[in-house]
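What follows is a short report on a single structure.
We did not get these values from a lab; they are worked out from the coordinates using the rules stated. The shown structure was predicted, so the numbers you read here are calculated from the model rather than taken from an experiment. FYI the Cβ positions are ideal-geometry reconstructions off the backbone, even for glycines, and counts take in every protein chain you see.
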Amino acid sequence: MDEKLAVFQEKMEKSLLNLEEEFAGIRAGRANPHVLDKLRVDYYGTPSPLQSVANVSVPEPRMIQIQPWESSMIKEIEKAILSSDLGITPTNDGKLVRLVFPELTEERRKELAKDIKKKGESTKVAIRNIRRDAIDHIKKTGKAEDMPEDAIKDLEDRIQMVTDDYVTKIDKAVDAKTKEILTV
C-alpha cells in the first residue's frame, strides 16, 4: 500500500514544483531570466523556446540581454516579447535585444503579492484534492483487500500528515516570494 501512497505524494510534489515555477516567472523589479522561460519564438515556422535560439544573460541587476544565434532572429524575438504578458518593451542595437526592468511601484508590488497568494491558495486546493483522491482510493482498496479499519485509518492519517507538510511548504514559498516582491 505504501507504493500507492507514493503516487499521491508524487502528485503533491509536482503541484509544489509547478507553483515554484510560476513564482520564478513573477518579476520582482530585478532581472530574472526565468521570466522568459515560457516565451516561444517563431523559428522558421516552429514555435521554439527562446533559450534554444539565443543566449540569455543578466549583465546588470535590472537588465536582461538576449543575443540571438542568428541576427535574423532579432525581429522574431522582439515580436514574441511584445506579444507576451511581460509588459516590457524590448530595445535592440542590431546584435542584441535588451529588456530593462523598471522599478516596481508600491501599487504593482501589492498586486503581485495578491497574485502570489492566489496562486498559493489554488495550489493548496490542488493538494487537498489529491488528498481526497488518496483517501477515496485507500477506502476502496481497503474494502477490496479486507483490511482492518485500524490499518485504513492509519493510512488516512499518514496521507493527512503528508498533506499538512505540503501545505506548510506552500505557505513558506508564498511568504518568501511575497517578502521578495514587497522588498524595495
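Here is how the numbers come out for the structure above:
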{"read-out": "Global geometry of the stretch 44-184, whether rounded, prolate or oblate, following the gyration tensor of its Cα atoms and the 1.5 cut on a/c", "value": "prolate"}
{"read-out": "Potential extension, Glu111-His34 segment - 0.36 nm per residue separation minus Cα distance", "value": "25.7 nm"}
{"read-out": "Amide H within-cut-off set for Ala31, under 5 Å, with H built and near neighbours excluded", "value": "Arg62, Met63"}
{"read-out": "Loop GluC sites (Glu not before Pro), the stretch 101-184, which have at most 15 other Cβ atoms in a 10 Å radius of their Cβ (DSSP)", "value": "Glu103, Glu145"}
{"read-out": "12 Å beta-carbon shell around Asp171, net charge (K/R +1, D/E -1)", "value": "+1"}
{"read-out": "Trypsin sites (Lys or Arg not before Pro) within the stretch 74-180, DSSP loop, no more than 14 other Cβ atoms inside 10 Å", "value": "Lys95"}
{"read-out": "Debye, to nearest 20: dipole size of the stretch 24-76, +1 on Lys, Arg Cβ, -1 on Asp, Glu Cβ", "value": "240"}
{"read-out": "Theoretical ellipticity at 222 nm over the chain - DSSP helices of four or more residues, -39500 (n - 2.57) apiece, nearest 500", "value": "-20500 deg cm²/dmol"}
{"read-out": "Stretch gain in nm, segment Ala151-Lys95, where the contour uses 0.36 nm per residue and the Cα spacing is subtracted", "value": "13.6 nm"}
{"read-out": "Per-residue ³J(HN,Hα) for the stretch 144-153, Karplus 6.51 cos²θ - 1.76 cosθ + 1.60, θ = phi - 60°, Hz, x for Gly and Pro", "value": "5, 9, 6, 6, x, 4, 4, 5, 4, 4"}
